Amino acid sequence: MKQEPRSFLPDPADLRWLVRSLDLRSFSAAAREMDVAVSVVARGVDRLEAGYGVRLLRRSTHGLSATPEGAELAQEARALLAQLEDIGASLSDQRSRVAGTLRLASSQEICEALVLPHLADLQARYPALRVELLADDRVADLVTEGIDVALRTTVGHSDLVVARALGRFERRLYAAPEYLRLHGTPADPSDLQQHHTVTHTAQGPAVTWAFRNAQGKPLEVTVRSRLAASSSALVHHALVGGAGIGMLSCPLAAADVAQGRLVEVLAPFASRTVHTLYAVSSPGRRNAARVKAVIDFLVKASKDRWALAPVR
């Protein structure tokens, strides 16, 4: 006789233990965060594994990682916990109160330039808000990683995200004065092939940069970098250190240019291509008070305090 599948209703607290243990890759770290004993967290995950009859976590010397079943459950748990938090706020007449945890993802470069300088103001304005920063150049998955807001410079044509433009900017070539003193200043884009160039590893060994010639027509030059770095922040630091010539977003280079640490290269040939910085959220979270408040705050910060051309 075929046995009917068991009905298992998990405790939301156990789901939270699972999610935070995976985020922090440690039962101990999750326990410290919630100020409970490690055994409480471990037993909560054990209950989930017993209830679902599957293994959810892998334990190793490198920390915790999710099995395929654990990753699927964690994804669903993040969405459920966010909904429970919003329901609780609504029932307690605090839906408009900015509180709880907000996970914000961006590149390290943008995080340092746009987010970190204004965190104190944000925390002073919303003392019940807890912010988790995830700084990485890769595009984070909003749902599977439980991201509330992500800062991105590209947004695909999809209804899976809601994007709000924070500002527009250009990317230009820069180098340190010392590098130019030692190696000379290129007078034409074709001269770049004789220079040391610095690029992002995601672009591969050969990178094509766009320019405009004296007649305003598009021009492209492909360079093979002498140095590649895995983050835009590392590219930036390498340029300031005199490693070569590389591409940076103008707002992120502005302070170094003003203080003489970087010089723009080949300015007359700039492509003038305009890029946009977006604050992205998932449709299910865009109306949460904490998400709306943080995005509104970032709009003001980028307009009043950061060198982004305002959206028109």
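Residues in the stretch 99-129 that are open to solvent by less than 40 Å² (accessible area, probe 1.4 Å) and over 19 Å from residue 33 (Cα atoms): 105, 106, 107, 109, 110, 111, 113, 114, 115, 118, 119, 122.
Yes/no per residue for (1) more than 26 Å from the chain's Cα centre (by Cα); (2) within 19 Å of residue 260 (Cβ to Cβ):
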position: 178; (1), (2): yes, yes
position: 183; (1), (2): yes, yes
position: 188; (1), (2): yes, no
position: 194; (1), (2): yes, no
position: 197; (1), (2): no, no
position: 204; (1), (2): no, no
position: 224; (1), (2): yes, no
position: 237; (1), (2): no, yes
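Residues that are modelled with pLDDT of 95 or more and more than 28 Å from residue 107 (Cβ to Cβ) are absent from the stretch 192-215 altogether.
A quick yes/no check of all residues on (1) under 28 Å from residue 100 (Cα atoms); (2) touching a His at 6+ places or on another chain (Cβ under 6 Å); (3) modelled with pLDDT under 90; (4) among the hydroxyl-bearing types (Ser, Thr, Tyr):
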position: 4; (1), (2), (3), (4): no, no, yes, no
position: 12; (1), (2), (3), (4): yes, no, yes, no
position: 20; (1), (2), (3), (4): yes, no, yes, no
position: 29; (1), (2), (3), (4): yes, no, yes, no
position: 35; (1), (2), (3), (4): yes, no, yes, no
position: 46; (1), (2), (3), (4): yes, no, no, no
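From the list 139, 143, the lone residue that is more than 29 Å from residue 209 (Cβ to Cβ), in a loop (DSSP other than H, G, I, E, B) and open to solvent by 40 Å² or more (accessible area, probe 1.4 Å) is 143. Just wondering, is there one or more residues in the stretch 259-269 that are under 23 Å from residue 167 (Cβ atoms) and not in a loop (DSSP other than H, G, I, E, B)? So far as the stretch 259-269 goes, yes, one or more of its residues are under 23 Å from residue 167 (Cβ atoms) and not in a loop (DSSP other than H, G, I, E, B). Close Cβ contacts (under 6 Å, 6 or more residues apart or on different chains) running from residues in the stretch 189-209 that are within 21 Å of residue 237 (Cα to Cα) and aromatic (Phe, Trp, Tyr) to residues that are open to solvent by less than 30 Å² (accessible area, probe 1.4 Å) and not in a loop (DSSP other than H, G, I, E, B) comprise 209/221. Candidates are the residues of the stretch 242-281 that are in contact with a helix residue (DSSP H, G or I) (Cβ under 9 Å, 6 or more places away or on another chain) and charged (D, E, K, R); the one that is most open to solvent (accessible area, probe 1.4 Å) is 261. Of the residues making up the stretch 190-204, just one is in contact with a His (Cβ under 9 Å, 6 or more places away or on another chain) and assigned to a helix (DSSP H, G or I), namely 194. For the stretch 62-75, give me each residue that is open to solvent by 70 Å² or more (accessible area, probe 1.4 Å) and within 23 Å of residue 102 (Cα to Cα). Across the stretch 62-75, the qualifying residue is only 72.
Of all residues in the stretch 54-61, one or more are surrounded by 15 or more Cβ atoms within 10 Å (Cβ to Cβ) and in contact (Cβ under 8 Å) with a residue 12 or more places away in the chain. If you go through the stretch 76-98 and keep only what is surrounded by fewer than 18 Cβ atoms within 10 Å (Cβ to Cβ) and modelled with pLDDT of 85 or more, you end up with just 76. Residues in the stretch 34-76 that are within 11 Å of residue 21 (Cβ to Cβ) and of a type in the set (A, V, I, L, M, F, W, C): 34, 38, 41, 42, 45, 48, 56, 57, 64, 66, 74. So residue 187 fits all but one of (1) buried (at least 17 other Cβ atoms within 10 Å of the Cβ); (2) assigned to a loop (DSSP other than H, G, I, E, B); (3) hydrophobic (A, V, I, L, M, F, W, C); what number is the exception? Condition not satisfied by residue 187: (1).
Of the residues making up the stretch 210-241, those that are touching a residue at least 60 places away in the same chain (Cβ under 8 Å), open to solvent by less than 40 Å² (accessible area, probe 1.4 Å) and in contact with a strand residue (DSSP E or B) (Cβ under 8 Å, 6 or more places away or on another chain) number 5.
The values are calculated or read from the model by the stated rules, or taken from the named source; none is laboratory data. Here the structure is a predicted model, which means the values were calculated and not measured. Quick reminder, even Gly has a Cβ in these numbers, built from the backbone with ideal geometry, and neighbours come from all protein chains shown. The area values use the complete protein model at the heavy-atom level, side chains included, leaving out ligands, DNA and RNA. Shrake-Rupley method; radii C 1.70, N 1.55, O 1.52, S 1.80 Å.
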